[in-house]
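Presented below is the structure to which this report refers.
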Amino acid sequence: MTVYWFMMAWVILFGILAQVTSKRVCVGEYLGEEVYEARAHLFMAVVTFAVIVFFAGMRTTVGDTTAYIKMFGDYPLFQNAHDIIFDSSAREPGFRLFSILIKTFISDNYNVWLSIIAVISGICVMYPIYKYSCNFGVSAFLFMASCQFSWMFNGMRQFLIAAIIFSCTDLILKNKTLLYIIIVCILSTIHKSAFILIPMYFIAQGEPWNKRTILFIGCIVLAMLFTSKFTNLLTDVVEQTDYASSVNEFKATDDGTNPIRILVESVPIILAFIYRDNIKDKLTPIIKLSINMSLIASGLYIISKIAHSGILLGRLPIYFSMYNLILLPWLLNNIFDKKEKDLIYFIMIICYFLFFYYQMVVTWGGLSYGSEILNIKYQWH
């Protein structure tokens, strides 16, 4: 796990530097006074995320990377790709076209291809955090420690969508519904699961704990009460998606999302609910949206556990859980006073380190990393 510990150390070091060199900006008013929050400088934000992007682009063997590399190698050049691009029986034509264009006009080296995807994903995650997080360093640490970074190494196609739509946060805040839906439809050509973003867009609008979010909570309760029927419905739906082969292969052992991950990802929404009266007058538009997105993520995680579907539903919360990277630092800054805050931050860091170790070592067996170009081959034993 040497590579990942190095990445963690880099993110912590430059995350701290990013926060130390941050500037104070006005984000609104509270009780008639202007409210200021820290915002990192763009250069420091880029440097902090650079290490994740670098190792994601240089990889050869991590998770499903080998299969992706083979797929890229099998793609023809653009002038010979008509049948592959327009094959109606194949899924996700947008990703095929994107990859073929890179192979034809940029490079047929798979590390160049992986690096381009890593750069896009990394920037799209970094930018909303840089723009909205009151503590960029903590947000970057959470991205690593919660293991959300691992999507850039394993599951990159779906994460590419999640990152791009995360970077479109302004469209939600400015109620640019049509443009948002158009972007989602385009992204669905990369991964069909993107369509879930359309109904969730309307649930996430408005004040926290409004009628739409309460209705969503009601749906979770119904799923708990009618687990067997819900699971059968889920099975019928998944057979029509690109997850079908994976689900059929692993459904006998798929016990849903790990309860520990559900707990970790639910901490922000639990805090937001417990202290809702304390923070209701301090909420900014981005925090309102983040609370609703966090609720959706936790709800999907719970449903995935109920339905024993970690492979299908357990992957969907990544479209929403990245808002926790903005929400949790804000909650810690606005719920606790200065004396409590230092202790809470210390406890949070220790707990997330423990989760990082548990997820990476115990659950994933070290998450092996290999890179031919860097001459690195790490295999957990």
Inset, instruction - Please specify each residue of the range 51-109 satisfying the condition of being assigned to a loop (DSSP other than H, G, I, E, B), touching a strand residue (DSSP E or B) at 6+ places or on another chain (Cβ under 6 Å) and not aliphatic (A, V, I, L, M). - result: 59, 60
Legend entry - Filter result for the condition that a residue is closer than 28 Å to residue 260 by Cα, under 21 Å from the mean Cα position of the chain (by Cα) and not charged (D, E, K, R), over 186, 190, 196: 196
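Within 30 Å of residue 111 (Cα to Cα) and within 19 Å of the chain's Cα centre (by Cα): is that true of residue 330 in this structure?
Numbers: within 30 Å of residue 111 (Cα to Cα): no; within 19 Å of the chain's Cα centre (by Cα): yes.
Judged against the criteria, residue 330 is not a match.
Go through the residues of the range 65-76 one by one and say whether even a single one is over 28 Å from residue 283 (Cα atoms), surrounded by fewer than 16 Cβ atoms within 10 Å (Cβ to Cβ) and β-branched (Val, Ile, Thr). If you could, list the steps in order and put the result at the bottom.
Quick first cut of the range 65-76, residues over 28 Å from residue 283 (Cα atoms) only: 65-76.
Adding the requirement that they be surrounded by fewer than 16 Cβ atoms within 10 Å (Cβ to Cβ) leaves 66-67, 70-71, 73-74, 76.
After this cut, where a residue has to be β-branched (Val, Ile, Thr) as well, the list is 66.
The answer is yes, given that some residue of the range 65-76 is over 28 Å from residue 283 (Cα atoms), surrounded by fewer than 16 Cβ atoms within 10 Å (Cβ to Cβ) and β-branched (Val, Ile, Thr).
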Legend entry - One residue from 183, 203, 106 being modelled with pLDDT of 95 or more, surrounded by fewer than 22 Cβ atoms within 10 Å (Cβ to Cβ) and outside the structural domain of residue 85 (by TED's automatic domain parsing): 183
Legend entry - Conditions (1) modelled with pLDDT of 90 or more; (2) surrounded by fewer than 24 Cβ atoms within 10 Å (Cβ to Cβ); number of the one not met by residue 329: (2)
Inset, instruction - Evaluate the range 337-353: report whether one residue or more is in the same structural domain as residue 215 (by TED's automatic domain parsing), within 20 Å of the chain's Cα centre (by Cα) and of a type outside the set (Val, Ile, Thr). - result: no
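The values are calculated or read from the model by the stated rules, or taken from the named source; none is laboratory data. The structure presented is a predicted model; accordingly, all values stated were derived computationally and were not measured. Counting neighbours? That spans all protein chains shown, and the Cβs are built from the backbone with ideal geometry, glycine included.
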